[in-house]
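> Below is a structure I'd like to ask you about.
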Amino acid sequence: MISKFRVWLPNPDVERMLRVKALVFEHDKTRCVCGYAYDFYLEDEDAIIMQSTGLRDKNGKEIFEGDILAIETDEGILNVNIFWDSKHALFMFESKKYNEKDLLAELVEDNTYPFEITGNIYENPD
């Protein structure tokens, strides 16, 4: 699998999510190439970089860390956040409603409940 990334630029003048075309490691900084107009150093912009999980939602949309998934359960819709757990080196999801964290693989493996991306924690903080 080829790693894919996206980046959130919190700068109020830009404040947008961009697809990363290339990461260039130069001495002590990382240059992020997102197209002709967006070529910047991650460290200078306080940019937040997110990796793809390699998974897709029920509509075929690629799931990245930071995404919010809506899961259709027997009790209704449950929203969960996707994040990278560096301690265990794997992707997990967190339910604020139940204050629980679990392996993203469990959600995909079970596949009993369909899920779709409804946003991300940067563009939809609520």
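> So how many residues does region 2-21 have that are touching a helix residue (DSSP H, G or I) at 6+ places or on another chain (Cβ under 9 Å) and not in a loop (DSSP other than H, G, I, E, B)? Lay out the reasoning, then the answer.
In the first step, residues of region 2-21 are kept if they are touching a helix residue (DSSP H, G or I) at 6+ places or on another chain (Cβ under 9 Å); the result is 7, 9-11, 14.
The next check asks that each one be not in a loop (DSSP other than H, G, I, E, B); those that pass are 7, 9.
The number of residues fulfilling the criteria is 2.
> Quick one: residue 57 ticks every box in (1) acidic (Asp, Glu); (2) within 23 Å of residue 9 (Cβ to Cβ); (3) surrounded by 13 or more Cβ atoms within 10 Å (Cβ to Cβ) except a single one, so which number is it?
(2)
> Tell me, which strands (runs of 3 or more DSSP E) wholly within region 41-80 include 1 or more residues that are under 16 Å from the mean Cα position of the chain (by Cα), small (Gly, Ala, Ser) and under 26 Å from residue 22 (Cα atoms)? If you could, list the steps in order and put the result at the bottom.
Values: elements: 48-56, 62-64, 67-73.
Because the criterion is at least 1 residues that are under 16 Å from the mean Cα position of the chain (by Cα), small (Gly, Ala, Ser) and under 26 Å from residue 22 (Cα atoms), the strands (runs of 3 or more DSSP E) in region 41-80 that meet it are 48-56.
Every read-out reported here was derived from the displayed coordinates using simple, explicitly stated rules and does not represent laboratory data. Model, not experiment: these values are computed from the prediction. Here the Cβ is made from the backbone with ideal geometry for all residues, glycine too, and neighbour counts use every protein chain on show.
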